[in-house]
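Let me begin by presenting the structure, written as structure tokens, before commenting on it.
The values are calculated or read from the model by the stated rules, or taken from the named source; none is laboratory data. No experiment lies behind these values; they were computed from the predicted model shown. Neighbour counts run over all protein chains shown; Cβ positions are idealised from the backbone, glycine included. What goes into the accessible areas is simple: the full protein's heavy atoms, side chains included, and nothing from ligands, DNA or RNA. Shrake-Rupley method; radii C 1.70, N 1.55, O 1.52, S 1.80 Å.
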Amino acid sequence: MTSPTLAGAAATHNNGGHLSEPTDGYGQAPAVGSNDTPRHPPYMPRPDVAGPGVAGLGWVQDVHVHSGPIYLRIVNTLERTINRGGLAPGQRLPSQRALAQQLGVDLTTVTRAFDEARKRGLIEARGPQGSFIAPPKAGFDQAVDLSMNVPPVPDADALAEMLRRGAAAVLARSNAPNLMTYHLGGGNPTDRHAAARWLQPMLGTVDDARLLLTEGAQVALAAILLSQGREGDAILCDRLVYPGLLQAAAALGRRLVTVEGDEHGMCPEALARRARECGARLVYLNPTCQNPTALTVPTTRREALARVLEREGLLAIEDDPYWHLAVTAPIPLATLAPRHVFHVATLSKVISPGLRTAFVQCPGAAHAEAMATALRATRLMGHPLVSALASQLLLDGSAQALLAQVREEARERTRMARYLLAPSLLERADGLHAWCRVPAPWTDATLVRTAQLQGLAIAPSSAFCPPGAPFASGVRLSLGLAADRRQLENALRRIDRLLLSDALPAIDR
């Protein structure tokens with residue numbers, strides 16, 4: 001692999017060990033021979049990112065993959081390549097004549113494409129020197145949402161094409177009137193077969209009698225709570241949890257009782273003690289890329305928790321939406337204690353929230369039937385057309401292809417967060433988010449308000465705290481919703497500067 005050039009990078013300053021002015025907008029290391037050494041590994045672009053200089057023509061081959069007017073295909077391919085980091089700010093593009101020859105089109109077509117690219121702010125002309133990739137245009141007044149965990153969309157055109165093909169296949173192979181009538185909830189045999197294939201890498205062979213499909217993980221979570229308890233029951237959980245659990249527990253009248261944890265997650269001894277103290281039989285766990293702390297519980301701790309579930313006769317909800325995105329995803333609890341765990345997986349965090357599809361492996365057939373009854377009581381049936389589309393994408397391999405794209409982009413973005421956020425602030429980054437400490441004199445509330453004034457939305461720790469739980473000051477930065485890496489980089493740098501600031505803005509004093 002050829003390393004990107006490091007020449008010309010600015011020297012680091014005493015700002016937490018990260019570079020203040022990368023040469024190309026993507027976090028390059030200091031100049032060779034510099035006496036300043038970063039305290040943590042620099043963020044390195046993807047292998048296909050070329051360093052400053054003349055951009056190659058490798059991206060041009062993608063022009064022929066898509067349809068539409070050739071000049072727009074050139075512009076759209078150029079934009080996609082820039083957004084995924086394949087072309088860096090400051091790189092000089094080949095001449096229009098060379099590009100026309102490579103594509104086999106006339107010069108006026110390429111000239112029209114370059115004109116459109118300049119209008120979009122993708123490139124800039126420098127007279128006789130030629131055309132160059134433009135620097136990022138994200139400014140301090142540009143709103144960036146870092147408050148919601150949504151998977152990145154690395155190639156919108158590819159996603160649209162897969163959806164078109166999948167919908168066409170569903171309508172061609174299905175009875176349209178049947179898709180528009182009532183269906184029993186929980187998924188038909190085809191849906192369950194598709195779900196079992198998707199779950200196989202995580203859980204191995206899945207028993208159809210224990211498998212249900214729902215319209216997203218939130219619906220699954222509410223149905224499990226409804227089917228496995230009654231108003232006033234206690235649910236054991238971590239001190240910071242997914243906000244959807246807070247909402248479901250409040251709506252259904254369940255009490256959330258927090259369990260002590262350490263750097264490896266919930267403590268098994270504390271879980272057993274709390275269960276006996278409050279008579280709880282249901283535990284909520286989000287053990288992989290935990291929301292919001294991004295902690296992944298290691299295998300040894302999972303094994304210890306599984307032994308507690310079996311010994312104490314507890315049932316666990318293993319909410320596992322980020323398993324596919326984790327750098328290292330340990331074996332699920334549902335595999336360690338299969339008769340004690342509801343394993344919930346979803347397409348929302350790894351492909352798209354719009355598919356509204358989640359899969360639940362229940363501890364047993366009786367649990368599945370009780371959950372199915374709760375589902376019918378609350379929403380009678382799912383959306384047959386959406387379920388059929390999701391199953392089609394799973395069975396024809398499109399979902400796996402989209403997952404590969406999302407996984408690659410998500411991991412690049414977490415690498416960027418680890419590089420750009422000072423080590424004194426960043427606690428952990430994995431999956432789709434990063435968890436940061438909030439140093440004095442900031443509080444998470446003042447940081448959120450100040451970030452809003454700069455067009456940044458972030459999630460404070462208060463959004464994840466069960467009622468009465470000890471307060472933990474921190475903020476979650478979601479990495480997937482930014483339009484591209486340049487916008488995300490700009491937003492992370494601004495957050496970093498705010499957190500490292502010595503004084504609060506006047507409005508917060």
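Would you work out which of L309, F359, A326 lies farthest towards the positive end of the dipole of region 302-392? Charges go on Cβ: Lys and Arg +1, Asp and Glu -1.
Final value for the positive-end residue is F359.
Around L456, which amide H atoms from residues at least 5 apart in sequence, or from another chain, sit under 5 Å from its own amide H, with H modelled in the peptide plane?
Sorted by chain and number, the residues that satisfy this are V144.
Roughly how many whole Å is it from the C-alpha centroid of region 479-496 to that of region 64-85?
Answer, in whole Å: 23.
Where a ≥ b ≥ c are the square roots of the eigenvalues of the C-alpha gyration tensor, would you call the chain rounded, which needs a/c under 1.5, or, failing that, prolate if a/b is larger than b/c, or oblate?
It is oblate, given that a/c is not under 1.5 and a/b is not larger than b/c.
Only four residue types carry charge here, +1 at the Cβ of Lys and Arg and -1 at the Cβ of Asp and Glu. Report the dipole size of region 404-509 about the Cα centre in Debye, rounded to the nearest 20.
100
What whole-number value in Å² describes the accessible area per residue of the chain for a 1.4 Å probe?
Using a 1.4 Å probe on heavy atoms only, each residue of the chain averages 42 Å².
What figure in square angstrom, to the nearest 10, would you give for the accessible area of C436 with a 1.4 Å probe?
For C436, the solvent-accessible surface is approximately 0 Å².
Any chance you could give the angle, 0 to 90 degrees and rounded to 10, that helix 365-379 forms with the longest Cα principal axis of the chain?
Long axis of 365-379 versus the principal axis of the chain: about 70 degrees.
Using amide H atoms built 1.01 Å from N in the peptide plane, name the residues 5+ places from L256, or on other chains, whose amide H lies under 5 Å from its own.
Sorted by chain and number, the residues that satisfy this are I235.
Would you work out the charge dipole size for the chain about its Cα centre, treating the Cβ of every Lys and Arg as +1 and the Cβ of every Asp and Glu as -1, and quote it to the nearest 20 debye?
Using only the charged Cβ atoms, the result is roughly 300 debye.
Highest mean first, what order results for 467-474, 287-294, 395-402 on Cβ atoms within 10 Å?
In descending order of packing, they fall as 287-294, 395-402, 467-474.
From the phi angles alone, apply the Karplus equation (6.51, -1.76, 1.60; θ = phi - 60°) to region 156-161 and give each ³J(HN,Hα) in whole Hz, x where the residue is Gly or Pro.
These are the phi-based 3J(HN,Hα) values: 4, 5, 5, 4, 4, 5 Hz.
Measuring from centroid to centroid over Cα atoms, what is the spacing of region 434-465 and region 117-196 in Å?
Result: 29 Å between the Cα centres.
So, with a 1.4 angstrom probe, what is the percent of accessible area on the chain that is carbon and sulfur?
Ligands and nucleic acids excluded, carbon and sulfur give 54 percent.
Could you state the angle between the C-alpha long axis of helix 444-453 and the longest principal axis of the C-alpha atoms of the chain, as a value from 0 to 90 degrees rounded to the nearest 10?
Value to nearest ten degrees: 40.
Using only the heavy atoms of the protein chains and a 1.4 Å probe, how would K349, K119 rank by accessible area, largest first?
Largest to smallest exposure gives the sequence K119, K349.
For helix 243-252, what angle does its Cα long axis make with the longest principal axis of the chain, in degrees from 0 to 90 and rounded to 10?
30
Using the charge dipole of the chain (Lys, Arg: +1 at Cβ; Asp, Glu: -1 at Cβ; taken about the Cα centre), state which of Y419, L159, A345 has its Cα farthest towards the positive end.
Value: L159.
Quick one: how many Å² of V65 are accessible to a 1.4 Å probe, rounded to 10?
Number for this one is 110 Å².
Starting from the amide H of A316, placed 1.01 Å from N in the peptide plane, find each other amide H under 5 Å away whose residue is 5 or more places distant or on another chain.
It is V283, V341, F342, by chain and number.
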